[in-house]
Amino acid sequence: MHNMPLPYLVRTVRLLQSCHCVLGIRIPSLLKNHCTGSGLLVLHEMKPWTPASIATSVPIRFLHKETSISAEERNTESTDHNHALSDEYDLRTDVDHGMDGEKTMLQGTSIAPPKKLSCVEVLDAFSNASHSRHEIYCTIMDLFNILTKNKKLSDKLIISEHPNFHSLCYEVMKAAPLMSSRFLVYALYVFVNLKVDQRTRLIQTLLSVSQQRLSTLKLDEISILANATRMMNSDKNVDILNAGLHLLIELKCEEIKDVPTLLRLMRIAPPHLRQKFEEKALQMTDKFTVPQCYNMVSMLAEKNLHSESLLDTCSRKLIDCLDELSCKRIISLTGHCSRLSYFNEKLLSAIGNNIMNNIYMWNIWQISVVLTNMAFLRFRYVPLLDYFADKIMQDLQSLRAYQLATVAKVYSMVNHLPEGKEDKFLEFLNAALELHNNSMKRKELLRTIYNFCLLGLVSPSSIRELLEDESLLSTMDPVEKSYVRHIKLCLLLESGSSPYSVKDLENVEANHSHSVAMCHSFLKNHFNDPSLYQENMQFPSSYFIDFVLTLDTERNKLVPTGNMQNFEGSQNISRIAVLCCTANAFTLGSLHPVGKMALKIRHLKSLGFTVVLIPVNQFIMLTEAKKVEFLRENIFKEFSANQSSEQGNEVQQLAHHET
């Protein structure tokens with residue numbers, strides 16, 4: 001065996017023998033670096049403008065791309081290794097005392113508080129003579145702080161192209177086997193973040209030594225190491241390190257006694273441990289503070305982990321203590337709920353109330369972000385929507401094109417117009433559209449006009465100009481083609497020329513969900529006579545209707561629908577379109593239709609139908625008697641007017657019934 005690696009081998013064996021935990025027993029089988037010296041890549045040579053003294057004094061064989069190594073380079077490497085081993089006695093103290101030599105040295109030295117440095121200043125200060133452990137450690141920590149606070153690509157390029165960077169790489173690689181665990185994980189994070197190829201000797205050395213130190217890592221070091229490996233591509237060494245990390249994290253889960261530790265481990269826990277950590281978190285919910293509840297929701301959103309029980313627990317505490325959160329955190333909270341599709345009406349209502357109570361602290365476009373997040377959750381908070389509409393209507397000229405698109409999207413998604421100012425608001429939006437018509441991108445304009453159509457605002461001039469744009473029409477995706485189809489239909493119906501009649505209805509095959517199929521089954525049993533209804537009817541390439549009924553309003557009685565043309569011109573006949581709607585057709589906690597459902601209702605009404613909406617998820621939860629009462633209230637309106645007030649209250653309760 002070559003004489004140089006022998007001291008490292010002896011040191012590694014002794015370290016492993018001192019590990020008596022389960023992880024220490026299993027790690028020896030993991031301690032293997034799968035990259036040979038000839039298979040390691042190296043960085044580019046230093047730039048020609050680097051001073052000659054630097055280039056000659058710093059051996060950089062590990063940075064060259066050549067696979068063949070000259071005798072001179074071997075001699076230089078051997079000299080450097082001997083120099084490193086001469087300091088082994090001093091550095092061994094770091095290992096024997098928990099690998100924290102740098103921290104001890106810093107505590108024992110009178111040093112003024114460090115000032116904030118730029119990446120250039122940090123590397124400029126890294127001298128090219130002999131480097132002490134203190135210099136290397138401080139340089140790595142400074143670079144770590146810079147990279148975690150400033151993620152600009154330009155700063156990363158400045159660091160990697162600095163003439164002292166190669167010298168730093170070499171010194172870190174040389175010192176890695178005998179430096180502390182904290183230094184190792186921070187160094188690995190820095191170089192991986194700087195996009196140093198993970199096949200270089202530098203990265204492979206850090207990976208190999210990190211494997212050896214795995215059982216000695218502290219919690220914050222585990223977190224940094226997990227974040228570093230997450231940025232790396234999969235290979236044998238990275239996979240081995242991740243396997244050890246996952247085992248270590250699982251063992252740490254049993255030892256958790258405080259919420260901050262729980263949150264930090266949950267952020268880095270692998271997917272197969274999520275349920276275990278969720279159970280642990282539910283056992284500790286009584287210890288959650290308000291900031292920790294927010295951090296838990298934030299962590300769940302970051303990991304895209306929808307835990308209804310955890311979210312509900314955190315929400316209950318947040319609802320009562322929203323005043324403890326800043327405006328920025330409240331905005332983020334609504335964003336987290338939107339990302340997790342967490343539909344909590346009480347939490348969103350509390351957020352809306354908090355904003356209205358502290359409205360002087362909020363600017364108009366902070367409110368727009370909150371309303372956008374609420375709109376994605378189909379939550380319609382009327383006071384805030386009306387306040388926002390009043391504010392933007394005060395100054396037409398200050399409204400930018402992108403802001404107009406946001407306004408159109410928010411109000412169309414929840415189908416809301418400010419109460420008592422509907423016409424004024426639509427006129428304002430129309431004027432704003434004409435102002436920004438030419439400055440908006442064509443596809444953005446298409447989406448904005450579509451959202452206006454959902455609100456009931458149809459601008460014929462803007463629509464015709466849009467539909468004459470051949471370049472737009474030729475590059476549309478299926479969703480955008482659907483927008484155009486609905487816009488054209490709106491234009492026809494607004495002009496009074498209906499493209500359809502009742503005769504165009506045709507029976508189609510439909511694959512309903514289980515809940516909708518249950519609703520259909522009850523309705524057919526309730527109507528009893530198949531001649532009294534038509535099921536699964538649709539206008540050609542247009543709107544689908546679950547049931548079509550014909551009601552004799554004079555007698556308050558359903559009549560056969562088979563020959564509907566016989567009823568043309570009759571004043572006592574009403575055609576009813578029964579629509580079985582799932583929860584996403586309504587705003588959260590109400591029966592207020594949204595989006596395409598609201599547009600469909602308006603169009604069916606313009607075609608002569610009376611529209612009856614059945615909220616399927618709530619309807620199937622009612623008793624049979626209450627289902628009959630609901631149908632009487634909505635289909636036989638004149639008949640139900642004579643019903644008791646108790647029946648009317650039942651319908652109101654249906655809107656707030658939880659699925």
Report summary line: Measuring from its Cα centre, the range 205-358 shows a charge dipole (+1 at each Lys and Arg Cβ, -1 at each Asp and Glu Cβ) which, in debye to the nearest 20, is 260 debye
Query - the range 347-386: translational diffusion in µm²/s, Stokes-Einstein, Kirkwood Rh over Cα pairs, 4 °C, 1.567 mPa s - result: 128 µm²/s
**Report entry** Share of pairwise Cα separations in the range 397-468, more than 15 Å, in percent
**Finding:** 47 percent
Report task. Sort 598-609, 186-197 for me by packing, meaning the mean count of neighbouring Cβ atoms within 10 Å per residue, highest on top. Result -> 186-197, 598-609
Report task. Return one whole number: the accessible area per residue of the range 173-257 in Å², for a 1.4 Å probe. Result -> 32 Å²
**Report entry** Packing rank of 296-308, 214-226, 405-417, where each peptide gets the mean count of other beta carbons within 10 Å, highest leading
**Finding:** 405-417, 214-226, 296-308
Query raised in the report: Going 7 Å from the Cα of residue 286 toward and past its Cβ, which residues in the range 304-330 have a backbone nitrogen under 18 Å from where you end up?
Result: 310, 313-314, 316-317
Report summary line: Stokes-Einstein, Kirkwood over Cα pairs, the range 467-515, 4 °C, 1.567 mPa s; D in µm²/s equals 94 µm²/s
**Report entry** Fraction in percent of alpha-carbon pairs per bin - 5 Å, the range 245-331
**Finding:** 3, 14, 29, 24, 18, 8, 4, 1, 0
Requested in this report: Express the carbon and sulfur contribution to the solvent-accessible surface of the range 156-199 as a percent, rounded to the nearest whole number, probe 1.4 angstrom.
Outcome: 52 percent
Query raised in the report: What is the magnitude of the charge dipole of the range 325-438 about its Cα centre, with +1 placed on the Cβ of each Lys and Arg, -1 on the Cβ of each Asp and Glu, and no other charges, expressed in debye to the nearest 20?
Result: 580 debye
Requested in this report: Could you go through the range 310-315 in sequence order and give the Karplus-derived ³J(HN,Hα) for each residue, using 6.51 cos²θ - 1.76 cosθ + 1.60 with θ = phi - 60°, rounded to whole Hz, and x for Gly and Pro?
Outcome: 5, 5, 5, 4, 5, 5
Query raised in the report: How big is the charge dipole of the range 312-389 about its Cα centre, in debye rounded to the nearest 20, if each Lys and Arg gets +1 on its Cβ and each Asp and Glu gets -1 on its Cβ?
Result: 220 debye
**Report entry** Dimensionless Rg over Rh [the range 197-346; C-alpha; Kirkwood]
**Finding:** 1.04
Query - Under 5 Å, built H, 5+ apart or other chain: amide partners of residue 611 - result: 577
Report summary line: Over the range 512-614, with neighbouring protein chains present, the accessible area per residue in Å² at probe 1.4 Å is 42 Å²
Report summary line: Expressed in angstrom and ordered largest first, the alpha-carbon extents of the range 155-197 along the principal axes are 28, 18, 16
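Take each of the peptides 173-182, 322-331, average the number of other beta-carbon atoms within 10 Å over its residues, and list them starting from the highest.
Averaged packing, sorted descending, gives the order 173-182, 322-331.
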Query raised in the report: Which of the GluC sites (Glu not before Pro) found in the range 404-471 are in a DSSP loop and have at most 15 neighbouring Cβ atoms, other than their own, within 10 Å?
Result: 419, 468
Report summary line: Placing one equal point scatterer on each C-alpha of the range 350-486 and summing with Debye, one gets log10 I(q)/I(0) at q = 0.10, 0.22 Å⁻¹ equal to -0.34, -1.41
Query raised in the report: Carbon and sulfur atoms: what percent of the 1.4 Å accessible area of the range 361-476 do they account for?
Result: 49 percent
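The values are calculated or read from the model by the stated rules, or taken from the named source; none is laboratory data. Please read all numbers here as calculations on a predicted model, not as lab measurements. Here the Cβ is made from the backbone with ideal geometry for all residues, glycine too, and neighbour counts use every protein chain on show. Keep in mind that these areas ignore ligands, DNA and RNA; they rest on the heavy atoms of the full protein, side chains included. Shrake-Rupley method; radii C 1.70, N 1.55, O 1.52, S 1.80 Å.
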